[in-house]
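Before any comments, here is the structure.
Values in this text are rule-based calculations from the coordinates and carry no lab data. Everything numeric in this text was worked out from a predicted model, so none of it was measured. Ideal geometry is used to build each Cβ from the backbone, glycine not excepted, and the neighbour counts take in all protein chains shown.
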Amino acid sequence: MQKSPKAIQELVRGVVEPMGYELVGVEYLTGQPGGSLLRVYIDREGGITLDDCAAVSHQLSGVLDVEDPIPGNYNLEISSPGLDRPLFEPAHFRQFAGERVNIRLDSSVPGRRRYKGKLLGIKDGRVQVEVDGEVYSLELDEIRDARLVPDI
């Protein structure tokens, strides 16, 4: 969960939600070729179209230009969460309990870093995932990336 700084998340939320979209999450990735990347995941009932992404991009670009919360060059990407939906917030881990997930921990965490199994939910700020019959309790703040595994 390479979440963006809180100020950027709130700025994005202030644009996306009044437009009628759910803000799924915001990633701010530095050190990318061509500059940093601000990736915004949006959703709504019935799904997201290319026109939805373009509308949000247009509105958000204007606000980001005025507020200027990101130093230097960056690329803005608006996306639907897709079939392999990323999980950012505690509510996401509760909402998708029972689904299959891929979880990758931050590189600073010693030991096992990848977990693929059944999401059991979240308890006391720790994500519960069952992998091969064993239950693991993972600190939410140590999760680098968590995504649903689509049934195809």
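Using 0.36 nm per residue and subtracting the Cα-Cα separation, the extra length available between Lys118 and Val131 on full extension is 4.0 nm.
For the chain, what does the helix formula give at 222 nm: sum of -39500 (n - 2.57) over DSSP H segments with n ≥ 4, over the residue count, nearest 500 deg cm²/dmol? Write down the numbers at each step before the final one.
Numbers: 3 runs with 35 residues, N = 152.
When only DSSP H runs of four or more count, the value is -7000 deg cm²/dmol.
Rounded to the nearest 10 degrees, what's the angle between the helix 50-67 long axis and the longest principal axis of the chain, both from Cα atoms, 0 to 90? Orientation of helix 50-67: about 70 degrees from the principal axis. Considering only Leu29, Pro18, Val40, and ranking their Cα positions along the charge dipole of the stretch 1-55 that arises from unit charges at the beta-carbon of Lys, Arg, Asp and Glu, the one farthest toward the positive end is Leu29.
If you stretched the chain out fully between Gln95 and Asp145, how much longer would it get, using 0.36 nm times the residue separation minus the C-alpha to C-alpha distance?
Between Gln95 and Asp145, full extension yields 16.3 nm more.
Computed from Cα atoms, the angle from the helix 6-16 axis to the main principal axis of the chain rounds to 70 degrees.
The candidate values were (i) 10.2; (ii) 8.8; (iii) 12.7; the one computed from these coordinates for mean projected area of the Cα convex hull in nm² carries the label (i).
Given contacts defined as C-alpha pairs under 8 Å and at least six residues apart, what's the relative contact order of the chain, whole-number percent?
Once divided by the residue count of the chain, the mean separation gives 21 percent.
Normalising the average separation of contacting C-alpha pairs (under 8 angstrom, six or more residues apart) by the number of residues puts the relative contact order of the stretch 6-79 at 35 percent.
Shape analysis of the stretch 113-152 yields a ratio of the Cα radius of gyration to the Kirkwood radius, Rg/Rh, of 0.95.
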